1. Only four residue types carry charge here, +1 at the Cβ of Lys and Arg and -1 at the Cβ of Asp and Glu. Report the dipole size of the stretch 45-195 about the Cα centre in Debye, rounded to the nearest 20.
2. Once the other residues with Cβ under 11 Å from the Cβ of Val95 are scored (Lys, Arg +1; Asp, Glu -1), what is the net sum?
3. Could you give the alpha-carbon Rg of the chain over 2.2 N^0.38 Å, rounded to two decimals?
4. Can you compute the charge dipole magnitude of the stretch 25-127 about its Cα centre, using +1 on each Lys and Arg Cβ and -1 on each Asp and Glu Cβ, nothing else charged? Give it in debye, rounded to the nearest 20.
5. Please work out the Cα center distance from the stretch 103-127 to the stretch 45-102, rounded to the nearest Å.
6. Treating cross-link reach as a plain straight distance, find the aspartates and glutamates whose alpha-carbon is under 20 Å from the alpha-carbon of Lys136, omitting any fewer than eight places away in the same chain.
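Nothing in this text is a laboratory measurement; each read-out follows from the coordinates by a stated rule. Source: prediction; values computed, not measured. Cβ sites come from the backbone with ideal geometry, for glycine too, and all protein chains shown count toward neighbours.
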Amino acid sequence: AIADLLPDSPGGEIAVGVPDAIGSGKVVLLTREANELGCPVTITLPGSPGFGSSVAAGDVNSDGAVDLVVGAPQDKVYVFFGPFAAGAAPAPGLVINAPAAAQGGDFGSRVALVDLDATPGPEIVIAAPNYAASGKTGTGGVFVFKADGTTLALTIEDLDPEPNSNLGEALTAVPFRNPSCAAGPDRPMLVAGAN
């Protein structure tokens, strides 16, 4: 899993998830400085299998710094508030637990940050591709949380799912606007993949 932390910065900075690292997963923040790689920041959470399976970067708490959302599909998602500095491993500022119905459904295997409600700040979008919906196993679901991580704003499910369709197997946001329908800036459209 890879997230671009500073897309407008020369050289850039990325977060790389390594969910199968020995013991538990990790996320490594890499910065390119001139022609060489800067000192990495490594984030680990012992006892969190799959930590780093998915990562997303953005300003979650609207403080101007880039934050990092990290999935651990043992039913948790962690938010680390930036800025990040080498030699100072951050602690999670927020932990989002799977809703009761999504426990055991690989909640956190995909994460995204998308402004879905047109109010300042992104929503935290979390997939559980093995979530059971409509009485069918492995249909998957996507959960949208407000930036505080405690308010579940929306659950997205297929209304007529096939078993093992795994909605949420992939998540991304794309800019969207139909100029014949609406004037103004592009809005992000959430796209969730399924098998």
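1. Charge dipole, the stretch 45-195, about its Cα centre: 120 debye, nearest 20.
2. Once all neighbours under 11 Å are counted, the net charge is 0.
3. 1.04
4. Its charge dipole is roughly 360 debye.
5. 12
6. Excluding near neighbours in sequence, the set is Asp75, Asp106, Glu157, Asp158, Asp160, Glu162, Glu169.
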